[in-house]
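Peer 1: Okay, handing you the structure first.
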Amino acid sequence: MSILKKIKPNFWNYQDITTGPFKYMFDIRRVWKLSFFPTSLAALVPLIFLSLINYTVMQNSFESEILMHTSRLVSNTRRTVTFFVTERKAALVFIVENNSIDELSNSLKLAAILENLKKGFGGFTDLGVIDSYGNQTAYAGPYKLEGRNYKNQEWFKEVLNRGVYISDVFLGFRQIPH
C-alpha cells in the first residue's frame, strides 16, 4: 500500500448521485480542501518561519560561542607564553647584571649558573656568552658550540640593534629547532 493511499481520506472518491442540484453543498472533497489547506497553511507557515529564524539565531549563537572560546584560548596561551619568555629573560638579565664578563667567560662558572637555572626555572638547555663580534667565547650545554661565530645570523644583528631579541624558532648550528 502506497503512502498516498494511507494519507488520502476514505471519502475522497465518494460521489453521491442523489444530491441533485445541491451537489456543491455536499461535495465533501471540496469542503475538506477548503478547510484542510487553509488550516494547514495557518499552522505550517508560522512554524516554518519561526524555524528559519531559530536556525539563524542558533547558528549566530554557535559561531559567537566558538569565536569567544577560541579568542579566550588564544589570549590565555599568549599570556602564558609571554609570562614564560619574560620570566626567562628576567633570569638572564639578572645573571648578566650579577656577574662580571670574566665570571661569565669561565666555563665552570657558566655550567654552575646553567645548573641553577635548570633547577630554579627549567626550560634552559644551554647557556653561552657571545662577544660583540659574534664569537661564542664560553658555552655550557650538550652541544659543541664554543668558538662558533654568529655575526651573520639575523638574530645576532637584531641583538646588536635592540639589545634584547626573542627570535622565532629556527634550526641554527644545532640543527634542532630552538
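The values are calculated or read from the model by the stated rules, or taken from the named source; none is laboratory data. Not measured: the values here are computed from a predicted model. In this analysis, Cβ positions are derived from the backbone assuming ideal geometry, glycine residues included, and neighbour counts consider all displayed protein chains.
Peer 1: In this structure, is residue 167 at pLDDT below 80, in contact with a helix residue (DSSP H, G or I) (Cβ under 9 Å, 6 or more places away or on another chain) and polar (S, T, N, Q)? Let's see the steps before the verdict.
Peer 2: Working: at pLDDT below 80: yes; in contact with a helix residue (DSSP H, G or I) (Cβ under 9 Å, 6 or more places away or on another chain): yes; polar (S, T, N, Q): yes.
Considered against the rule, which asks whether it is at pLDDT below 80, in contact with a helix residue (DSSP H, G or I) (Cβ under 9 Å, 6 or more places away or on another chain) and polar (S, T, N, Q), residue 167 comes out as yes.
So that you can scan it fast, the table gives a plain yes or no per residue for (1) farther than 30 Å from residue 8 by Cα; (2) in a helix (DSSP H, G or I); (3) of a type in the set (Lys, Arg):
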{"site": "30", "(1), (2), (3)": "no, yes, yes"}
{"site": "33", "(1), (2), (3)": "no, yes, yes"}
{"site": "40", "(1), (2), (3)": "no, yes, no"}
{"site": "45", "(1), (2), (3)": "no, yes, no"}
{"site": "49", "(1), (2), (3)": "no, yes, no"}
{"site": "52", "(1), (2), (3)": "no, yes, no"}
{"site": "57", "(1), (2), (3)": "yes, yes, no"}
{"site": "60", "(1), (2), (3)": "yes, yes, no"}
{"site": "66", "(1), (2), (3)": "yes, yes, no"}
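Peer 1: From the set of residues in segment 133-158 that are modelled with pLDDT of 85 or more and among the aliphatic types (A, V, I, L, M), which is nearest to residue 113 (Cα to Cα)?
Peer 2: 140
Peer 1: Follow-up question, since we're still on this one. Has segment 81-89 got at least one residue that is surrounded by 12 or more Cβ atoms within 10 Å (Cβ to Cβ), modelled with pLDDT under 95, part of a helix (DSSP H, G or I) and in contact with a strand residue (DSSP E or B) (Cβ under 8 Å, 6 or more places away or on another chain)?
Peer 2: No, because not a single residue in segment 81-89 is surrounded by 12 or more Cβ atoms within 10 Å (Cβ to Cβ), modelled with pLDDT under 95, part of a helix (DSSP H, G or I) and in contact with a strand residue (DSSP E or B) (Cβ under 8 Å, 6 or more places away or on another chain).
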